[in-house]
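Participant: Right, I'll just put the structure down here and ask away after.
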Amino acid sequence: MIVRALLTDIPAIQQVAHQTWPDTFKEILTPAQIDYMLNWMYSTEALAASINHPNQSFWLFQEEGKTLGFAGIEH
């Protein structure tokens with residue numbers, strides 16, 4: 001199922017990002033750079049601003065109530 005993310009979904013987005021970024025970017029970013037990017041792009045404040053922005057949206061990919069992935073879109 002694909003659903004639009006709400007503010008209450010921020011922890012699920014953060015969990016997926018923290019699980020996937022290290023494996024995805026380990027060949028091009030140092031662990032310190034990955035931590036910096038996660039803290040910058042996926043902080044609660046940054047995600048709330050994106051979700052509340054009229055030209056941005058986050059979509060969750062869910063199966064059996066569990067968030068498996070997400071996409072952020074800027075219009």
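The values are calculated or read from the model by the stated rules, or taken from the named source; none is laboratory data. None of the values given here were measured: they were computed from a predicted structure. So basically every Cβ, Gly included, is an ideal-geometry build from the backbone, and we count neighbours across all protein chains shown. Ligands, DNA and RNA are stripped out before the accessible areas are found, and what is left, the full protein with its side chains, is counted by its heavy atoms. Shrake-Rupley method; radii C 1.70, N 1.55, O 1.52, S 1.80 Å.
Participant: Pull out all pairs, ordered by first then second residue, where Cβ-Cβ is under 8 Å, the residues are six or more apart or on different chains, the first lies in the stretch 31-52 and is assigned to a helix (DSSP H, G or I), and the second is surrounded by fewer than 12 Cβ atoms within 10 Å (Cβ to Cβ).
Facilitator: Pairs found: ILE34/LYS26; ALA46/TRP40; ALA48/LEU7; ILE51/LEU6; ILE51/LEU7; ASN52/LEU7.
Participant: Scan the stretch 53-75 residue by residue and report those that are in contact (Cβ under 8 Å) with a residue 40 or more places away in the chain, of a type in the set (A, V, I, L, M) and open to solvent by 60 Å² or more (accessible area, probe 1.4 Å).
Facilitator: LEU68
Participant: Can you name every residue in the stretch 1-19 that is open to solvent by 60 Å² or more (accessible area, probe 1.4 Å) and in a helix (DSSP H, G or I)?
Facilitator: Within the stretch 1-19, LEU7, THR8, PRO11, GLN15, HIS18, GLN19 qualify.
Participant: Still on this model: Going by the conditions given, is LEU47 modelled with pLDDT of 95 or more and open to solvent by 70 Å² or more (accessible area, probe 1.4 Å)?
Facilitator: No.
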